[in-house]
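Student: I'd like to ask some things about the structure below.
The values are calculated or read from the model by the stated rules, or taken from the named source; none is laboratory data. These numbers were taken from a predicted model, which means no experiment stands behind them. As a convention, Cβ positions derive from the backbone with ideal geometry for all residues, glycine included, and neighbour counts pool all protein chains shown. Surface areas here come from the heavy atoms of the whole protein model, side chains and all, with no ligands, DNA or RNA. Shrake-Rupley method; radii C 1.70, N 1.55, O 1.52, S 1.80 Å.
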Amino acid sequence: MTLVPQIFTCTRCGYCCHGETTVSLNADDQKRMIQALNEPEETVRQSFWRVTGNTVQMKTVDGHCVFYDDGCRVHAGRPWRCGQWPLHPSILEDESNFLAISDSCPGINKNLSYRQFCEILRNLLNNDSFSC
Ligand code: SF4
Ligand code: SF4
């Protein structure tokens, strides 16, 4: 059984999809997104991506990711960083990272201590290929 629900349940508040920049897409993310959208690469590039040198991000519209509309419209093809969020490995490095992420994400289980949270997250990151 996945460990994710023990430490996180997304409320779909959309906070993490807002802002003027987005996560960047690696080569696998780009392929997966093109497949999920079932559009030619050039169309996806023109319509949805902001390309700066070698960096590919998603465009933003009205202060949020172009795919955000009361949820993610490209869920199956979203970048891996979106799939991992908010269970980021940096949480294990420093409690301040945990507090910052926990403050911005209502889906984090606030009933656990930092130590308890890290214990579960460490198991998750070590043993499971997961997405949130
Ligand atoms: S991951 Fe957190 S911040 Fe993002 S939509 Fe879900 S609950 Fe909201
Ligand atoms: S791809 Fe989906 S999950 Fe990622 S920022 Fe855009 S709307 Fe949010």
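Listed here are the residues, each with its yes/no results for (1) in contact with a helix residue (DSSP H, G or I) (Cβ under 6 Å, 6 or more places away or on another chain); (2) within 13 Å of ligand 2 (Cβ to nearest atom); (3) not assigned by TED's automatic domain parsing to the domain that holds R122.
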{"position": "Q30", "(1), (2), (3)": "no, yes, yes"}
{"position": "A36", "(1), (2), (3)": "yes, yes, yes"}
{"position": "Q57", "(1), (2), (3)": "no, yes, yes"}
{"position": "D62", "(1), (2), (3)": "no, yes, yes"}
{"position": "D69", "(1), (2), (3)": "no, yes, yes"}
{"position": "C72", "(1), (2), (3)": "no, yes, yes"}
{"position": "L92", "(1), (2), (3)": "yes, no, no"}
{"position": "P106", "(1), (2), (3)": "no, no, no"}
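Student: Let me ask something else about it. Being open to solvent by 30 Å² or more (accessible area, probe 1.4 Å) and in a loop (DSSP other than H, G, I, E, B) narrows it down to one of R45, R12, R50, so name that one.
Tutor: Exactly one residue qualifies, and that residue is R12.
Student: I've got another one for you. Only one of G77, G107 is open to solvent by less than 80 Å² (accessible area, probe 1.4 Å), within 12 Å of the chain's Cα centre (by Cα) and of a type in the set (G, A, S). Can you tell me which?
Tutor: G77
Student: Which of the numbered conditions does N97 fail, given that it passes all the others? Conditions: (1) more than 14 Å from ligand 1 (Cβ to nearest atom); (2) in contact (Cβ under 8 Å) with a residue 40 or more places away in the chain; (3) within 24 Å of L25 (Cβ to Cβ).
Tutor: Here N97 clears every test but (2).
Student: While we're here: Residues that are outside any strand (DSSP E or B) and in contact with a Gly (Cβ under 9 Å, 6 or more places away or on another chain): does the range 107-129 have at least one?
Tutor: Checked the range 107-129: no residue is outside any strand (DSSP E or B) and in contact with a Gly (Cβ under 9 Å, 6 or more places away or on another chain).
Student: May I ask you to say which residue of L125, L99 is open to solvent by less than 70 Å² (accessible area, probe 1.4 Å) and hydrophobic (A, V, I, L, M, F, W, C)?
Tutor: After ruling out the rest, the residue left standing is L125.
Student: Is it the case, given these coordinates, that P86 is under 20 Å from T2 (Cα atoms), surrounded by 11 or more Cβ atoms within 10 Å (Cβ to Cβ) and within 16 Å of ligand 2 (Cβ to nearest atom)?
Tutor: Criteria met by P86.
Student: Another question, then. If you go through the range 1-24, how many residues are in contact with a Pro (Cβ under 6 Å, 6 or more places away or on another chain) and of a type in the set (V, I, T)?
Tutor: Summing the residues that are in contact with a Pro (Cβ under 6 Å, 6 or more places away or on another chain) and of a type in the set (V, I, T) in the range 1-24 gives 2.
Student: Considering only residues of the range 15-42 that are among the acidic types (D, E) and loosely packed, with under 15 Cβ neighbours inside 10 Å, which is nearest to H75 (Cα to Cα)?
Tutor: Selected residue: D28.
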